[in-house]
Structure formats: structure tokens, C-alpha cells
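Worksheet for the structure shown next.
The values are calculated or read from the model by the stated rules, or taken from the named source; none is laboratory data. On a predicted model such as this, the values are computed, not experimentally measured, just so you know. Note: ideal-geometry Cβ built from the backbone for every residue, glycine included; neighbour counts use all protein chains shown.
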Amino acid sequence: MSNITRSFFLRWMFFVWTGIFSCFFSAAQLCTGSLGDPVANITFGTGGNSGSGFIAPGYNYTSSSCPNDGFYTITSSTSGCFGNAWHTVNADHTGNGAFMLVNASFQPGDFYVGTVTGLCPNTTYEFSAWIMNVLLSASGIRPDITFSIETPSGTILNQYNTGGISVTAQPLWEQYGFFFTTTAGNPDVVLRMTNNAPGGGGNDLALDDITFRPCGPVLSSVIQGNINDTIDVCTDEQTNYFFSASISPGFVLPVFQWQVSTDSGTIWTDIAGANSLTYLRQPSLAGNFWYRLTVAESGNASITACRIASNILIVNAHPKPIVNAGPDKVIIAGRPATLGGTVLGENPTFNWSPPDFLSDVTVLNPVTTADQDILYTLSAESQFGCTNEDQVMIKVVAGIFVPTAFTPNNDGKNDSWKIPFLDPDLGATVNVYNRYGQLVYHAAGVAVDWNGTLKGIPQPTGTYVYYIHFTDGTPDMKGTLNLIR
């Protein structure tokens with residue numbers, strides 16, 4: 001294709017695209033294609049300021065939430081104004097900020113003029129704003145607003161008139177919007193809002209959430225083989241997911257870019273190399289992953305303000321529950337014990353198996369059975385069906401045997417005094433005393449392991465007295481042991 005032919009083709013496609021939107025302009029419709037992220041998003045903050053980011057020609061700012069004729073304010077609520085002639089408005093359009101409240105001047109005219117920067121050249125944008133007629137009386141003057149988008153030099157790119165905005169029984173935010181296309185040179189625009197009706201007997205309005213978003217053809221994406229846009233999957237059961245997208249006519253030389261967000265759409269990151277209508281998503285670590293395809297003309301592809309975006313595809317990769325059955329333990333036959341495992345995760349349920357000797361969900365009561373080992377499994381399942389398990393070995397013994405002698409001579413044989421089967425979970429306190437009644441060893445709720453020293457000093461050969469106290473009501477044990485060197 002020659003440069004002349006290509007130039008003609010590009011111009012022809014631009015006029016076709018503009019023509020497509022001209023029918024939308026005349027009907028003052030919002031974008032019926034796909035939108036990009038807001039380039040400008042004027043929310044009026046949280047209140048308590050003079051709205052210095054714009055000009056209200058012929059109006060004065062007041063901090064009162066009931067401004068008089070010819071005044072405006074930035075507020076998060078208004079109530080009881082002019083003998084309750086206005087709605088009580090307790091929140092802005094989104095419920096978490098402030099809005100501009102205008103009591104129209106006696107003479108019709110502009111009440112908002114502001115310059116919008118950061119737009120792309122030769123790009124179609126949707127302008128929208130939310131407006132409420134705050135007047136309660138049906139006989140009052142209704143706001144009649146003309147929105148105008150102009151170049152900095154004053155050329156009108158497009159405008160729209162709301163007509164008289166209806167009175168409603170309850171506070172009602174209504175969205176108004178239309179399309180315009182920026183010029184090839186300076187893409188900055190001036191937003192002008194003109195109230196065509198006089199004040200004095202009504203014509204009072206609230207304004208909020210003014211946005212400019214790139215608008216383009218319909219761009220839709222799907223997860224192949226799935227009827228929904230959201231997949232919940234366990235990390236250990238992930239497969240490759242194939243995303244594909246389609247776009248209606250409108251772009252001349254489109255450039256595609258898949259993006260991912262891990263914070264529910266607050267920040268989007270371009271995926272390196274994902275530059276076609278399809279994308280292969282491979283298994284990942286646990287997390288919530290949002291995907292979308294963005295598109296812009298080739299000359300503007302690197303500027304996010306020029307891109308439109310598809311619907312969002314979500315893959316929630318859920319982790320397995322964290323399961324810990326606890327350390328292996330020893331219990332005494334006839335004494336109940338608790339299987340003290342822990343399960344963490346996304347609302348998990350759990351189960352112990354086998355049910356042998358379980359008198360409750362976690363209470364183990366081996367009655368008189370002794371001298372056996374039982375392997376218990378703690379299984380858990382999250383609300384998303386992700387599973388995990390862990391095991392613990394329970395040794396059942398007839399009782400506790402306390403050795404009566406040990407030889408701490410570092411020959412590797414019987415060098416310390418230990419009490420087999422005295423499991424820390426029994427909560428026993430063990431004290432050892434010398435012949436003078438001095439405490440030479442103490443252990444509470446831990447495995448007993450005495451090396452025959454006191455504060456690092458080897459104790460002499462001799463007979464010592466031990467005393468074992470149980471906190472669960474088990475009879476205490478006492479006796480003597482011989483330290484032999």
C-alpha cells in the first residue's frame with residue numbers, strides 16, 4: 001500500500017469511526033463500546049475546601065451546606081435548607097466523599113469551567129457527570145444544563161443539553177454523558193457547564209464524579225472452556241488457562257496488551273510479551289489475579305490514557321489449608337487426651353481418622369488398651385475444596401516407668417536421667433532433691449532430661465529423691481534414684 005493510499009485509508013477509517021459516534025452524540029448516549037480507565041476523575045474530595053481545581057464564574061464559595069443564590073459549596077451532606085425545600089442528601093454519588101452544591105444565580109450562565117489535561121490526540125472519549133436536582137417542589141425552576149467540550153482556543157468539539165432535570169420524591173443521582181474526539185494537535189480540552197435557567201425560585205443542583213474515559217469498539221474476553229469470567233481453583237490443581245478476546249471494527253492499527261492486577265484492579269501491570277488477542281495463563285502461587293486486554297492505536301499504545309479495556313477475567317488461586325496434627329505423643333491407657341492439631345485457611349472444616357478411641361471430635365480415650373501405636377490423620381478442606389492433611393503417632397502405654405539410676409560419665413550410655421512416656425502434654429512438674437533437701441533439677445511441661453549437674457556443676461554420686469506432680473488429678477509419684485559416677 002502506497003503512502004498516499006495508506007493516508008487516504010486512515011482518514012477514511014477515522015471519518016467512519018467518527019460517523020459511528022456521531023449518531024451516539026445526537027442521542028447523548030454513554031459509551032456502548034468498551035471504556036478505558038478514567039483519565040480525569042473529578043470527585044470533589046471529601047469536602048471542606050473551596051474547589052480550587054476549577055472556576056465557578058459569577059459564583060461565590062461558601063462553607064455553608066445551604067448556599068444562597070449565586071453561591072456554591074463543596075460538602076458531603078446537606079439538610080434542612082430553606083425550610084426543608086431541598087432534599088436531605090447524606091452522601092455523594094459513591095457514598096464516600098463530597099460533591100459540589102450549587103444554588104443558581106439569578107442570571108443564567110456558566111457555573112463550572114475547568115481544563116482537562118492528559119488526553120490523547122485523535123482519541124474518542126466519553127465524558128460523564130452525575131447530577132441531582134435537590135429541589136423538592138415540582139413547581140420550582142428545574143436545572144437545565146448544557147455540557148460543552150471545547151478546545152483551549154474555544155472550538156466546540158461537542159455539547160449536550162440535559163433539558164429540565166426532573167424533581168424526584170427521593171434524592172436521585174442521574175448520570176449524563178456524551179462522546180467527543182480530541183484534535184490531532186493539542187488534546188487538552190475545556191469542560192464548560194452552563195445553567196440555562198435562572199435562579200431565585202429553584203434551579204438548585206448537586207454535581208459529582210466527573211470522568212473522562214477513552215471509548216472504543218466493543219472489546220470482550222473469555223476464558224476458553226468456561227462459561228464464567230471467574231475461576232476458583234486450588235493451587236495444586238491449576239492447569240493452563242487460555243484467554244481469548246474479540247474486538248469489533250473501529251481501530252485502524254490496534255496494538256494489544258494483556259494486563260494483570262493483584263489488588264482487585266487498583267494497579268494494572270502490562271504482561272511482558274502478551275501482545276495478541278490470546279494469552280496463555282500458567283499456574284501461579286496462591287493469590288487473586290485479575291486479567292484484561294487493553295487496546296489502543298499503534299501511535300498511542302504506550303500511553304495508558306489512550307487505551308480501552310475488555311471485561312475482567314479473574315483467577316483466584318486458593319492455597320491448601322495449613323494443617324498441623326501436632327507432635328507425636330505418649331498417653332496412658334485409661335486417661336483421656338486431646339488430639340491438639342491446628343488448621344488454618346479459608347473457612348476450613350476438619351476431620352480426624354480413624355475414629356478408634358475418639359469419644360469426641362478431638363478427645364482420645366483409649367480405655368484400658370495399652371502397648372500399641374495408633375496413627376491418626378488430620379484432614380482439612382477449605383470452602384473452595386482445597387485439601388491437606390497431616391499425621392500424628394499416638395503411643396498408648398500402661399503407665400509411666402521411672403528409671404532409678406543413671407551414670408552421667410559421658411560414655412554414651414545412660415548419661416542422663418529420662419522418664420520414658422512422660423509426655424509434655426501430661427503437664428507434669430518434676431522436681432529432684434539431694435539428701436539435704438536442695439532442689440537440683442526442675443522440669444515443668446517439658447521432656448525430662450537431667451544430666452546430673454546443677455548450674456553446670458556435676459553433682460556427687462548418691463541417692464536423690466524425685467517428686468512428680470500431675471495437674472490433671474492423676475496421683476502424684478515419688479521415689480528415689482541413684483546418681484552413679
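For the reader, a short list of remarks on this structure follows.
- Only listed residue being assigned by TED's automatic domain parsing to the domain that holds residue 59 and at pLDDT 95 or above, chosen from 141, 149: 149
- Note on the range 74-109: residues that are exposed (fewer than 14 other Cβ atoms within 10 Å of the Cβ) and under 13 Å from residue 209 (Cα atoms) total 3.
- Take the conditions (1) in a loop (DSSP other than H, G, I, E, B); (2) modelled with pLDDT under 90; (3) in contact with a Pro (Cβ under 7 Å, 6 or more places away or on another chain); residue 399 misses just one of them, which is (3).
- Selection within the range 311-325 - surrounded by fewer than 17 Cβ atoms within 10 Å (Cβ to Cβ) and either touching a Leu at 6+ places or on another chain (Cβ under 9 Å) or of a type in the set (Lys, Arg) (or both): 311, 322, 324
- Residue that is farther than 16 Å from residue 203 by Cβ and surrounded by 23 or more Cβ atoms within 10 Å (Cβ to Cβ), where the choices are 112, 125: 125
- Output for the range 419-434, where each listed residue is surrounded by fewer than 20 Cβ atoms within 10 Å (Cβ to Cβ) and more than 27 Å from residue 458 (Cβ to Cβ): 421, 425, 427
- The sole residue among 377, 474 that is surrounded by 12 or more Cβ atoms within 10 Å (Cβ to Cβ), in the same structural domain as residue 329 (by TED's automatic domain parsing) and of a type in the set (Val, Ile, Thr) is 377.
- Taken over the range 287-310, the criterion of being at pLDDT 95 or above and loosely packed, with under 14 Cβ neighbours inside 10 Å is satisfied by 287 alone.
- Within the range 146-185, being farther than 25 Å from residue 78 by Cα, surrounded by 17 or more Cβ atoms within 10 Å (Cβ to Cβ) and of a type in the set (A, V, I, L, M) holds for 149, 157.
- Subset of the range 382-418 [under 16 Å from residue 328 (Cα atoms) and of a type in the set (A, V, I, L, M)]: 392, 393, 394, 396, 397
- Qualifying residue in the range 344-356 (condition: of a type outside the set (Val, Ile, Thr) and without any contact (Cβ under 8 Å) to a residue 12 or more places away in the chain): yes
The rows are residues; the columns are (1) of a type in the set (A, V, I, L, M, F, W, C); (2) farther than 30 Å from residue 59 by Cβ; (3) under 25 Å from the mean Cα position of the chain (by Cα); (4) assigned by TED's automatic domain parsing to the domain that holds residue 147.
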| residue | (1), (2), (3), (4) |
| --- | --- |
| 199 | no, no, no, yes |
| 223 | yes, yes, yes, no |
| 256 | yes, yes, no, no |
| 262 | no, yes, yes, no |
| 266 | no, yes, yes, no |
| 273 | no, yes, no, no |
| 293 | yes, yes, yes, no |
| 300 | no, yes, no, no |
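- Summed over the range 392-405, the residues that are surrounded by 14 or more Cβ atoms within 10 Å (Cβ to Cβ), within 22 Å of residue 326 (Cβ to Cβ) and not charged (D, E, K, R) give a count of 5.
- Hits in the range 347-369 - residues which are over 36 Å from the mean Cα position of the chain (by Cα) and not in a strand (DSSP E or B): 354, 355, 356, 357, 359, 360, 365, 366, 367, 368, 369
- Identification of strands (runs of 3 or more DSSP E) wholly contained in the range 426-480 with 3 or more residues that are among the small types (Gly, Ala, Ser) yields no element.
- Leading residue by the ranking (nearest to residue 427 (Cα to Cα)) among those in the range 370-396 that are part of a loop (DSSP other than H, G, I, E, B) and hydrophobic (A, V, I, L, M, F, W, C): 370
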